[in-house]
Amino acid sequence: MRPDPPPHKILSVGVPPGPFESFFRQVLSDESLQEKLRDIEDLDVFIVRVVELGAEQGFTFTAADVAAALSQGRRAWIERTIG
């Protein structure tokens, strides 16, 4: 069984519409935000940090929103990898 990719790689597959998507698009265009998330391997730490950074940038979303996006991205990543 292949290990899951790091959380930031899973999110790159697909993010549902909403405030989290808006923040995610900002992260894609902001290298400093990417740096703050890139090396986080622990999923729970990653989720907390994403929510914190989002709040700092004026976005309101929950850890559950981030977890749902990760779950959706993981499914898409698996389908793309084995499909």
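The values are calculated or read from the model by the stated rules, or taken from the named source; none is laboratory data. Treat the numbers as computed from the prediction; the structure is a model and nothing was measured. Cβ coordinates were reconstructed from backbone atoms using ideal geometry, including for glycine residues, and neighbour counts include every protein chain displayed.
Here are a few things to note about the model shown:
- Tallying residues that are surrounded by 11 or more Cβ atoms within 10 Å (Cβ to Cβ), free of Cβ contacts under 8 Å to residues at least 40 places away in the same chain and part of a loop (DSSP other than H, G, I, E, B) within segment 42-64 yields 3.
- Residue within segment 10-17 that is modelled with pLDDT of 90 or more and within 19 Å of residue 64 (Cβ to Cβ) present: no
- Matching residues, segment 27-41, being assigned to a helix (DSSP H, G or I), over 14 Å from residue 52 (Cβ atoms) and not hydroxyl-bearing (Ser, Thr, Tyr): 28, 31, 34, 35, 38
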